[in-house]
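The values are calculated or read from the model by the stated rules, or taken from the named source; none is laboratory data. Because the structure is predicted, anything quoted here is derived from the model rather than measured. Glycine also receives a Cβ, built like all others from the backbone with ideal geometry; neighbour counts cover every protein chain displayed.
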Amino acid sequence: MSEVRFIIGLIIGVILLITMVAKTKIHAFPALILSAIITGLIGGMDTSSIVKAITSGFGNTLSSIGIIIGFGVMMGQIFELSGAAETMALTFIRIFGKKREHIALAITGWVVSIPIFCDSGFILLSPIAKAISKKTSKSIFVLGYSLAVGLLISHHMILPTPGPLAATVNYGADLGLSILMGIAFSIPMIIGTLIYTNYVGSKVYQIPSDNGGWVRAEKPNKVEEDFELKPSRDDLPNAFLSFLPILLPIILILLGTTLGNIFKDADGNSLISILSFIGNPVIAVGIGLLISIFTLTNKMSRTETLKVMELGITGCGIILLVTGAGGSFGQILKDSGVANSIAEFIASTKIPAILIPFTIATVVRFIVGSGTVAIVTSSSICAPLLNQLGINPTLGTMASCSGAMFFSYFNDSYFWVINRTLGVEDIKEQIRHWSMNTTVAWAIGLITLLIFDIFI
């Protein structure tokens, strides 16, 4: 009876969570905490145990990722205001050359969204897509949505962005392996969405006009291949300094994780100890932040630099709260013992266990609209089930992350940022060009997930 009671409590708690976020004025943070309390009360936990589970779950989660998120958003804000993101875009456009600007924009978005939230990244880089569209007469739908989907994919799949980082910590997955697997998942997603974007977007020619509006045509009058895209300002940082604060932490994390696994018994090796230390995500991202401060803020005063970083911290507060609240929800499930009952039930069915976190993330994403909330919720609920179901922790992370990309539409703020920026007003066009595009990424993630699940 107690197991049934806890399962009923979980179902009611999740329904209330979704209802509060989707239909009321209650934010996701208190909604997660309230849902955790209700789940515990209905399940029969005593009040002191509920409070202990909520506080310990919240604290344990933030102790692992709070510092990393704080460093990351500070670095992202520096990237925005220093012009480093624009330098990356221009670099990729030069690398990929003419006729491949949409590929360059997708790759740019994929890299830029590692330290910068995808909404901010799109607002920051969309003028480049507009400039290319105006100079070449290529449809903004091909260029703009290529940029948007590149930003979306890394925001959902690559550490140390908050969602993937929270899932990795919740599942206890290897950080270095999660980065590599996130990259492996991203490659087919980018290819598939670029094919879809190029096919659908090229059917509608919309070009920026001289007065700041948009011009529609059946076909472009002329596609200009020989054009020069000039920087928006003269003081942009060079490519090396722009990429270094992003790539170095990733390399250090991969190096530290790899060496730590290979030489885990080499206690007396000081070099291995040093590399493992600087490869710790907190230290690695901190190094990236310091590099960005000393190389990308040369044109800013000390006061301006501090204000830039404080602005980034202001924006990350709610991410920390939602992530910590997800940890509280997961701790309730662990302490109550309901996770074992659910795992035993799933194991008795023929459902592939890896589809459970994927499906939960998909449902929460569709109803709530936030990919980060979907990832946090899915990983918080499913983390206690991993051992019983035999799910690989890193693959569980990928399941929660890829499931959270499903069908972005009206309840997703990014949906409106993109469509308003690109001058899309028709609802059918919005769904065709963006909602279906994110669903293509989601479907490719599902296929990739099932393939990996066969061999891992």
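With I103, I68 as the choices, which residue is over 24 Å from S370 (Cα atoms) and surrounded by 19 or more Cβ atoms within 10 Å (Cβ to Cβ)?
Numbers: I68 fails: over 24 Å from S370 (Cα atoms).
Residue meeting the stated conditions: I103.
Does at least one position in the stretch 142-158 carry a residue that is over 23 Å from I444 (Cα atoms), part of a helix (DSSP H, G or I) and touching a helix residue (DSSP H, G or I) at 6+ places or on another chain (Cβ under 7 Å)?
To start, the set of residues in the stretch 142-158 that are over 23 Å from I444 (Cα atoms) comprises none.
No - not one qualifying residue is present in the stretch 142-158.
Go through the stretch 21-36 and report how many residues are in a helix (DSSP H, G or I) and among the basic types (K, R).
Residues of the stretch 21-36 in a helix (DSSP H, G or I): 21-23, 28-36.
Restricting the remaining residues to those that are among the basic types (K, R) gives 23.
Total satisfying the criteria: 1.
Scan (1) polar (S, T, N, Q); (2) closer than 23 Å to V376 by Cβ; (3) at pLDDT 85 or above; (4) surrounded by fewer than 21 Cβ atoms within 10 Å (Cβ to Cβ) for the single condition N340 breaks and write down its number.
(3)
Out of the stretch 38-54, which residues are buried (at least 21 other Cβ atoms within 10 Å of the Cβ) and either among the hydrophobic types (A, V, I, L, M, F, W, C) or without any contact (Cβ under 8 Å) to a residue 40 or more places away in the chain (or both)? Let's see the steps before the verdict.
Of the residues in the stretch 38-54, the ones buried (at least 21 other Cβ atoms within 10 Å of the Cβ) are 39-40, 43, 45, 50, 53-54.
Passing the criteria: M45, I50, A53, I54.
Can you tell me which residues in the stretch 128-172 are modelled with pLDDT under 90 and on the phi > 0 side of the Ramachandran plot?
Passing the criteria: only S137.
Only residues that are farther than 17 Å from A131 by Cβ, surrounded by 12 or more Cβ atoms within 10 Å (Cβ to Cβ) and modelled with pLDDT of 75 or more: list them for the stretch 206-237, please.
P237 - this is the single residue of the stretch 206-237 that is farther than 17 Å from A131 by Cβ, surrounded by 12 or more Cβ atoms within 10 Å (Cβ to Cβ) and modelled with pLDDT of 75 or more.
Give the residue, chosen from I187, I191, I183, I195, that is surrounded by fewer than 23 Cβ atoms within 10 Å (Cβ to Cβ), assigned to a helix (DSSP H, G or I) and either in contact with a Cys (Cβ under 7 Å, 6 or more places away or on another chain) or in contact (Cβ under 8 Å) with a residue 24 or more places away in the chain (or both). Before the answer, list the steps.
Working: I187 fails: either in contact with a Cys (Cβ under 7 Å, 6 or more places away or on another chain) or in contact (Cβ under 8 Å) with a residue 24 or more places away in the chain (or both); I191 fails: either in contact with a Cys (Cβ under 7 Å, 6 or more places away or on another chain) or in contact (Cβ under 8 Å) with a residue 24 or more places away in the chain (or both); I195 fails: either in contact with a Cys (Cβ under 7 Å, 6 or more places away or on another chain) or in contact (Cβ under 8 Å) with a residue 24 or more places away in the chain (or both).
Unique residue meeting the criteria: I183.
Pick from A353, A284: which is part of a loop (DSSP other than H, G, I, E, B), surrounded by 17 or more Cβ atoms within 10 Å (Cβ to Cβ) and out of contact with any Ser or Thr (no Cβ under 8 Å at 6 or more places or on another chain)? Don't jump to the end; show me each part of the working.
On the way: A284 fails: part of a loop (DSSP other than H, G, I, E, B).
Exactly one of A353, A284 is part of a loop (DSSP other than H, G, I, E, B), surrounded by 17 or more Cβ atoms within 10 Å (Cβ to Cβ) and out of contact with any Ser or Thr (no Cβ under 8 Å at 6 or more places or on another chain), namely A353.
Test of understanding: among F79, F122, which residue is at pLDDT 90 or above, buried (at least 24 other Cβ atoms within 10 Å of the Cβ) and of a type outside the set (D, E)? First the steps, then the outcome.
Values: F79 fails: at pLDDT 90 or above.
None of the others qualify; the one that does is F122.
Mind listing whichever residues of the stretch 71-113 are assigned to a helix (DSSP H, G or I), under 20 Å from K134 (Cα atoms) and free of Cβ contacts under 8 Å to residues at least 40 places away in the same chain?
Once the filter is applied, which keeps residues that are assigned to a helix (DSSP H, G or I), under 20 Å from K134 (Cα atoms) and free of Cβ contacts under 8 Å to residues at least 40 places away in the same chain, the stretch 71-113 yields A89, F92, R94, F96, A104.
In this structure, is E304 at pLDDT 85 or above, part of a helix (DSSP H, G or I), over 26 Å from the mean Cα position of the chain (by Cα) and of a type in the set (D, E, K, R)?
Details: at pLDDT 85 or above: yes; part of a helix (DSSP H, G or I): yes; over 26 Å from the mean Cα position of the chain (by Cα): yes; of a type in the set (D, E, K, R): yes.
Answer is yes for this residue.
Just a yes or no: is a residue in the stretch 314-335 farther than 21 Å from K52 by Cβ, polar (S, T, N, Q) and either part of a helix (DSSP H, G or I) or modelled with pLDDT of 80 or more (or both)?
Yes, the stretch 314-335 has at least one match.
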